[in-house]
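Here's the structure we're looking at; comments come further down.
The values are calculated or read from the model by the stated rules, or taken from the named source; none is laboratory data. Because the structure is a prediction, the values reported are computed rather than measured. Here the Cβ positions follow ideal geometry from the backbone for every residue, glycine too, while neighbour counts run over all protein chains shown. In case anyone asks, the SASA skips ligands and DNA or RNA and just uses the protein heavy atoms, side chains included. Shrake-Rupley method; radii C 1.70, N 1.55, O 1.52, S 1.80 Å.
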Amino acid sequence: MKLKTLVAGLTGVALAMSMAACSQDRNATGGTSTSGAATTATSTDGGLVGIAMPTKSLERWNNDGAHLVEVLEGMGYTTSLQYADNKVDQQISQIQNMINSDPKVLVIASIDGTALSPVLQTAADKGIKVIAYDRLINDTPNVDYYATFDNYQVGKLQGTYIEEQLDLKNAAGPFNLEPFAGSPDDNNAKFFFSGAWDILSPYVTSGKLVVPSGKAPATNDDWASIGIQAWKSETAQSEMQNRLNSFYTGGKKVNAVLSPNDSLALGIEQALEGAGYTVGTDWPIITGQDADLANVKNMLDGKQSMTVWKDTRSLGDQVAKMVDQIIKGSKVDTNDTETYDNGNKVVPSYLLDPQVVTKDTVESALVGSGFYTADQLGL
Ligand code: BGC
């Protein structure tokens, strides 16, 4: 395990002040600053914080991890950041190794939210506090806080986007919709689906939306039947190819695809391209989430209609603040104590607001905030 070491012997820093400064920069200016960078040299060692992330293969988790390390180290903490290649056993042993190094707090973005109870018991036995990062950890009393973007709202924004773009309230229809859902082992996926399906399913019931593949879950609880394991683009691509080949014969066209995130959207977009759909003629509405670079480029090219942007920097700032509050014994920021029941208890949570980005707002939202440079997007 690689521990990042801090410059030793520097004293007298107001950590809380530096943290406040980080967040304020971003919030006040819509921020281009790299949070925490200005504070790295003026730290004492506040202790170890272990960070467990699911995989490097999806862009967002790389950004999440790098930003958390930057901010926490800026606040004077030592960090251990581990990625588990989407393998549950690997994540469990990484967490166990971190526990052996006596961290003060563990920040965990779980792969399987139901698989961590035993290892978290070991953490609790040593008095180590746990923050569930982005994804809730289930079936254990040993998760102290949860910080995430409002997952139900993410789905609602996707469903509402399709509703508005097809003008479902007024248009006669029927329109062809193909819905997808996220990884069955990810606790967030059911919230994304429910948020979207609460908007869209009344139109399926009324017949204004038709799902030619038949892959329309009867209820929100059946979402996993259309879940794409591990959020893999390739799996979404072959699923979409199958649906197009089998159910879209004789000139039938898909009008909208509910994709819960960008990695799935990417595969779906490749399948559409392969099936001969073209932008400007018959390309359907496609939703997404995360504002991954490839997807933002596809939005600019007209191949993806929207993404739900969750600024990973704001989540990292919030979690770092909570880590600091836990370690200092201050009151920990939460703004929701009702929604996230993990099967054992309701976990006090901090929910941030996700935001819709479309082709028209890429520049103002993503470039303006410094999330991407104009160069990266070819603007
Ligand atoms: C996250 C999404 C992400 C997905 C796949 C979810 O838990 O909330 O932002 O797209 O995992 O990594």
For the range 368-373, in order, what is each residue's ³J(HN,Hα) by Karplus, 6.51 cos²θ - 1.76 cosθ + 1.60 with θ = phi - 60°, in whole Hz (x at glycine and Pro)?
x, 8, x, 5, 10, 8
At a probe radius of 1.4 Å, what is the per-residue accessible area of SER101, in Å² to the nearest 10?
40
Once you charge only the Cβ atoms, +1 for Lys and Arg and -1 for Asp and Glu, what is the size of the charge dipole of the chain about its Cα centre, to the nearest 20 debye?
160
Amide H to amide H under 5 Å from TYR372: which residues, 5+ apart in sequence or cross-chain, H placed 1.01 Å off N in plane?
VAL367
Summing +1 for each Lys or Arg and -1 for each Asp or Glu, what net charge is found among the other residues whose Cβ lies under 10 Å from the Cβ of VAL346?
-2
So for the range 60-120, using the alpha carbon gyration tensor with a ≥ b ≥ c as root eigenvalues (a/c under 1.5 gives rounded; past that, a/b versus b/c decides prolate or oblate), I'd call it oblate
Can you pull the one-decimal nm distance between simple spin-label points at SER101 and ASP222, each 7 Å off the Cα toward Cβ?
4.7
Evaluate the distance, in nm, between pseudo-label points positioned 7 Å from the Cα of ALA124 and of ASP282 along their respective Cα→Cβ axes.
5.6
Can you list residues from other chains, or at least 5 along the same chain, whose modelled amide H is less than 5 Å from the amide H of ASN176?
VAL210, ASN255, ALA256
Over the Cα atoms, compute the radius of gyration (one decimal) and Dmax (the largest Cα-Cα distance, rounded to a whole number) for the range 142-220, in Å.
14.1, 51
Would you grab the residues whose amide H sits under 5 Å from the one on SER57? Only those 5+ places off in sequence or on another chain, please, with H modelled 1.01 Å from N.
none
Neighbourhood charge, 15 Å Cβ-Cβ cut-off, centred on SER183 and excluding it, Lys, Arg +1 and Asp, Glu -1:
-4
Point-charge dipole on Cβ atoms (K/R +1, D/E -1) for the range 129-235, about Cα centre, debye to 20:
120
Can you send over the solvent-accessible area of MET306, 1.4 Å probe, protein chains only, in Å² to the nearest 10?
0
Just by accessible area at a 1.4 angstrom probe, what is the order of GLU338, GLU239, GLU178, GLU164 from largest to smallest?
GLU338, GLU164, GLU239, GLU178
Take THR122, THR281 and sort them by solvent-accessible surface of the protein heavy atoms, 1.4 Å probe, largest at the top.
THR281, THR122
Restricting to the chain, what percent of DSSP beta bridges are antiparallel, rounded to 5?
15
Along the range 339-356, what does the Karplus equation 6.51 cos²θ - 1.76 cosθ + 1.60 (θ = phi - 60°) give for ³J(HN,Hα), rounded to whole Hz, x for Gly and Pro?
7, 9, 8, 9, x, 10, 6, 7, 8, x, 10, 10, 9, 9, 8, x, 9, 6
Surrounding net charge for GLY127, when Lys and Arg each add one and Asp and Glu each subtract one, Cβ distance under 15 Å:
0
Relative contact order for the chain using alpha-carbon pairs under 8 Å, separation at least 6, rounded to a whole percent?
16
Ordering GLU70, GLU234, GLU273 from largest to smallest accessible area (1.4 angstrom probe), what's the sequence?
GLU234, GLU273, GLU70
